[in-house]
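Before any comments, here is the structure.
The values are calculated or read from the model by the stated rules, or taken from the named source; none is laboratory data. All of these numbers come straight from a predicted model, not from anything done at the bench. Cβ: placed from backbone, ideal geometry, glycine included. Neighbour counts: every protein chain shown. In case anyone asks, the SASA skips ligands and DNA or RNA and just uses the protein heavy atoms, side chains included. Shrake-Rupley method; radii C 1.70, N 1.55, O 1.52, S 1.80 Å.
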Amino acid sequence: MFNLTCVDGFRYPGLEEVYVTDLIPLTQGPATISSDQKLCLFNPLSLRPGPLKTLQTNHGNLTCAKAFDISGSIVATAGENGSVSMWDLRLDEKQAEVARMTDNQVPVLSLACSSSGFSVVAGTELRQSQASILIWDVRSTPTPRQKYQEVHSDDICELNFHPSDPNILLSGSTDGLVNVYDTRITDEDEVVIQTFNHDASIHHAAFLNDTDVFAVSHDERFAVYSMAEDQEKGSALNSFGDMREVLGCQYIANVSAKANGAGAVIGAGSHDQQMFELVHLTRGAEWTLDRANSVGLPGAHSSEIVRSFCFYDEAQMVFSVGEDGYIKSWKPSS
C-alpha cells in the first residue's frame, strides 16, 4: 500500500457536532454538504482558512447534493421537505439560489443531474406505499416533466445518469433492486429496460462504463452487473461478496468510476484502525481488485466514519470528509 500524507484540513465550527456528509468535486474546488444544513465551496489549495463560500440551504434536513455543471460550479441540493434547489456557486450568497422546485412534499433521498440533458432527477422516501422518481427539465416550469411511482417498493436512495447517454438513468433502492431506465419512455410498464436484483438494501450504485454497473449494499456486499446483450440478463458479472471480509475493512464509503471507463476506486474504511484505503477496481477479462497498488490515508478521520472522497488527478490530491466534522486534503510525500 502507498500512503498519502494529510497536508491540509478544516474542521466545521459550532457548539453541536457537525457531520460532513458528502463531497462534490467541481473544477473550482471541492464542495461539501453537512449536517448543519450548509453547502460550502473550498479552495483546493487552502482548506485551513475555511470555505470560500457558505450557503444556508432550506430543505429541513439536507440529505443529498449533486453537481449539475462541474465546470460552471452549479450544484443541486435536496432534503426532508421535498424541495430541490439549484445553486450557482460563482454568485454571492443572496443570489446563489438560481432555481427551486417545491411541488414535491415527500423527503428526497437521492439526486442525479445531467447538464447535457437539462435534467435534474430526485428519488423519494417511501410514503403511503409509494416511492417516486421525479424528473425536471431545468429549462421549463417547476413541475416535473416525468414522474415514475411504481418502479420501486421502498426508499430510492441512489440515482445516476449513464456516462454518455443523458436519456439513460439508473436507480437503487432499499428494496434491493437496481433499475435502468430510458427516460424518453413515459409508460411505467415499459420504462425499465434492465433490472438487477442485488438481494440486499442498496447503499450505492452507478455506471462504471457504458455497459457495466456496480452495486454495494448497506451490508457491504459488492457486485458488478452488465447490460451487454451477450450477458445473462440480471445475473452478476462479478460478485465479490462481503467487502468487509474481502478487504479486511469495516465499511465501504463509495465507489468512484474513472472518467475513461477503465476502472474505479473503492473507498474502504476501518475506523478502529483509523485507516481509509483507496482500492483500484480494474477491468481486464473480468473485474478484479488491485490490492497491490492501493492507496492509504493513514489516520483518516480518526475513529469516525469517512463519508465521501474525491480526487483531483492533475493536482495529485485526494479529498475526504467525515463524521468528525473535517474536510481534509492528501498528497504523496515529496
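What does the accessible area per residue of the chain come to in Å², with a 1.4 Å probe and no ligands, DNA or RNA counted?
Per-residue accessible area for the chain comes out at 44 Å².
Can you give the percent of C-alpha pairs in the range 66-143 whose distance is more than 21 Å?
Looking at the range 66-143, the distances longer than 21 Å represent 24 percent of pairs.
If the viscosity is 1.002 mPa s and the temperature 20 °C, what translational diffusion coefficient in µm²/s does Stokes-Einstein give for the range 61-195 when Rh comes from Kirkwood over Cα pairs?
The diffusion coefficient I find is 145 µm²/s.
Short version: ³J(HN,Hα) in whole Hz for each residue of the range 161-173, in order, from phi by Karplus 6.51 cos²θ - 1.76 cosθ + 1.60 (θ = phi - 60°), x for Gly and Pro, what are they?
7, 4, x, 10, 10, x, 8, 9, 10, 10, 9, x, 9
Straight-line reach only, C-alpha to C-alpha below 17 angstrom: list the aspartates and glutamates that K331 could link to, leaving out same-chain residues fewer than 8 apart.
Within the straight-line cut-off, K331 pairs with D8, E277, D313, E314.
Under a crude label model (7 Å from the Cα following the beta-carbon direction), how far is T5 from L91 in nanometres?
Result: 4.2 nm between the two label points.
Lys and Arg at +1, Asp and Glu at -1: add these up for the other residues within a Cβ distance under 14 Å of G248 and post the number.
Charge balance in the 14 Å sphere: -3.
Tell me whether the range 1-108 comes out rounded, prolate or oblate; compute the Cα gyration tensor, take square roots of the eigenvalues as a ≥ b ≥ c, and use a/c under 1.5 as the rounded threshold.
Here the range 1-108 falls in the prolate category.
Determine the calculated [θ] at 222 nm for the chain from helices alone, applying -39500 (n - 2.57) to every DSSP H run no shorter than 4 residues and normalising by the residue count; nearest 500 deg cm²/dmol.
Mean residue ellipticity at 222 nm (helix-derived): -500 deg cm²/dmol.
Starting from the residue with the highest accessible area, list I185, I327 in decreasing order, probe 1.4 Å.
I185, I327
Calculate the spin-label point distance for D210 paired with D313, positioning each point 7 Å from the Cα along the beta-carbon direction, and give it in nanometres.
Taking the two extended label points, one gets 1.8 nm.
Excluding ligands and nucleic acids, what accessible area in Å² is computed for H162 using a 1.4 Å probe, to the nearest 10?
It works out to around 30 Å².
Quick check: net charge around F2, other residues with Cβ under 13 Å of its Cβ, Lys/Arg +1 and Asp/Glu -1?
0
Which whole-Hz couplings ³J(HN,Hα) result when phi for each residue of the range 25-40 is put into the Karplus expression 6.51 cos²θ - 1.76 cosθ + 1.60, θ = phi - 60°, listed in order with x for Gly and Pro?
x, 10, 4, 5, x, x, 10, 10, 10, 9, 6, 8, 6, 10, 10, 10
Ratio to report: Rg/Rh of the chain, with Cα atoms as the point set and Rh obtained by the Kirkwood method; give two decimals.
Ratio of gyration radius to Kirkwood radius: 0.94.
If you keep only loop residues by DSSP, which trypsin sites (Lys or Arg not before Pro) in the range 113-197 have at most 16 other Cβ atoms within 10 Å of their Cβ?
R139, R145, R184
Applying 1/(1 + (r/R0)^6) with R0 = 51 Å to the Cβ-Cβ distance of S333 and N167, what FRET efficiency is obtained, to the nearest 0.05?
Result of the calculation: an efficiency of 0.70.
Between A262 and T102, how many nm apart are label points set 7 Å from Cα along the C-beta direction?
Label at A262, label at T102, 4.8 nm between them.
Taking the Cβ of A99 as the centre, find all other residues whose Cβ is under 12 Å away and add up their charges (Lys, Arg: +1; Asp, Glu: -1).
-1
Quick check: Cα centre of the range 101-154 to Cα centre of the range 287-334, how many Å?
One Cα centre to the other: 32 Å.
Leaving ligands, DNA and RNA out of it, work out the accessible area of Y148 with a 1.4 Å probe and give it in Å² to the nearest 10.
For Y148, the solvent-accessible surface is approximately 0 Å².
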